[in-house]
Amino acid sequence: MNYDIPAVAVRAMNRDTLYQNQPFAPGSFRFDEPVVSVFSDMIRRSVPGYEDTLRLTGRLAARFAEEGCAIVDLGCSLGDSLLACAQALGRRPIPLLGIDNSAPMIAQAEARFAELALPLTPRFLCQDLRTAPLPRAALLVCNWTLQFLPPADRTPVLERLFAALRPGGALLLSEKLCFADPAEDALLGALHHEFKAAQGYSPSEIEGKRQALETVLVRETQAAHEARLRAVGFTHITLVQQNLNFASLLAVKRHAA
Ligand code: GEK
């Protein structure tokens with residue numbers, strides 16, 4: 001996919017070597033200072049098609065933006081998606097809001113946008129997205145974040161997101177999927193492993209990270225995500241991108257008939 005918006009500016013990236021040396025306990029992964037310091041490199045070498053998702057997010061911002069309504073990125077990390085939105089929107093006066101409960105992520109995101117000094121600068125909120133106040137929104141972006149919430153918390157979150165969206169607005173939900181068929185799940189897992197190996201991660205680094213993420217990142221099937229989106233009120237749900245086991249669903253809140 002290639003869109004005619006400028007490539008998303010990437011800050012000087014520290015190489016992710018976190019899993020090279022230390023043994024990591026199962027379930028120990030956190031978005032703490034060491035992870036944040038290598039995050040740009042980590043996510044690009046771990047999520048196939050990451051940059052394509054950013055470009056898609058920018059295109060959706062340009063399409064769904066509506067004066068008086070915000071664009072909100074839930075689990076915004078360093079603000080890559082918001083940067084794609086700001087670039088796509090240029091000088092349109094659209095409020096951009098990034099929410100993340102990792103203080104070091106938010107600190108770096110704020111510093112980065114201060115440096116960039118774009119016409120549109122997002123506001124950042126260091127808060128749990130389960131309770132953060134949400135403005136009326138035209139586009140909600142939730143890229144690779146819902147998967148970090150306990151499954152029982154996901155429906156209440158999506159209910160809040162649906163309520164915050166204006167009719168005609170949309171939610172972009174990107175998630176690492178699992179597959180009901182064990183052979184398909186194993187195949188996609190192996191292909192993702194190969195993707196990470198091709199990015200320069202060693203087998204022990206890949207295994208260390210996998211263990212650290214155990215019980216922290218809980219995957220669900222595409223069908224489970226779609227069922228939840230329908231249950232909270234979305235009627236039009238489309239798979240807009242998939243790279244191996246990483247997929248983006250676009251759920252539109254239709255105007256009442
Ligand atoms: C990107 N979307 O670059 N409340 C708020 N934030 C949370 C919560 C929570 N309960 N749980 C996790 N996070 C980004 C990438 S990363 C995905 C998103 C990944 C935050 C967490 O601090 C982290 O910044 C983000 O969600 C998930 O496109 O690393 O695989």
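Key figures for this structure:
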{"read-out": "Length released on extending from A197 to A132, taking residue separation times 0.36 nm less the Cα-Cα span", "value": "19.7 nm"}
{"read-out": "Rg [Å, one decimal], Dmax [Å, integer] - the range 1-150, C-alpha atoms", "value": "15.3, 50"}
{"read-out": "Carbon + sulfur, % of accessible area of the chain - ligands and nucleic acids excluded, 1.4 Å", "value": "54"}
{"read-out": "For the range 215-257 versus the range 23-66, the gap between their alpha-carbon centres in whole angstrom", "value": "18"}
{"read-out": "Set of lysines with alpha-carbon distance to K196 below 30 Å, sequence-local pairs under 8 removed", "value": "K176, K209"}
{"read-out": "Added length on full extension, which subtracts the Cα-Cα distance from 0.36 nm per residue, E207 to A114", "value": "29.8 nm"}
{"read-out": "Solvent-accessible heavy-atom area per residue, rounded to whole Å², over the chain at 1.4 Å", "value": "44"}
{"read-out": "Distribution of pairwise C-alpha distances over the chain, 10 Å bins, in %", "value": "7, 31, 38, 20, 4, 0"}
{"read-out": "Pairwise label distance in nanometres, I43 with A223, each label 7 Å out on the Cα-Cβ vector", "value": "3.1"}
{"read-out": "Cα→Cβ-extended label distance, 7 Å offset, between V216 and E67, nm", "value": "4.5"}
{"read-out": "Counting DSSP beta bridges with both ends in the range 26-252, the antiparallel % (nearest 5)", "value": "40"}
{"read-out": "Under the Karplus curve 6.51 cos²θ - 1.76 cosθ + 1.60, θ = phi - 60°, whole-Hz ³J(HN,Hα) for the range 29-38, x wherever Gly or Pro sits", "value": "5, 9, 8, 9, 3, x, 5, 4, 5, 10"}
{"read-out": "Accessible area, probe 1.4 Å, largest first, for residues D80, D52", "value": "D52, D80"}
{"read-out": "Solvent-accessible surface (1.4 angstrom probe) belonging to E214, in square angstrom, nearest 10", "value": "70"}
{"read-out": "Segment N243-R91, length gained on full extension (0.36 nm per residue, minus Cα span)", "value": "51.5 nm"}
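The values are calculated or read from the model by the stated rules, or taken from the named source; none is laboratory data. Being a predicted model, the structure only gives us computed values, none of them experimental. Note that we place each Cβ from the backbone using ideal geometry, even for glycine, and neighbour counts take in every protein chain shown. The accessibility values were calculated without ligands, DNA or RNA, using every heavy atom of the protein model including side chains. Shrake-Rupley method; radii C 1.70, N 1.55, O 1.52, S 1.80 Å.
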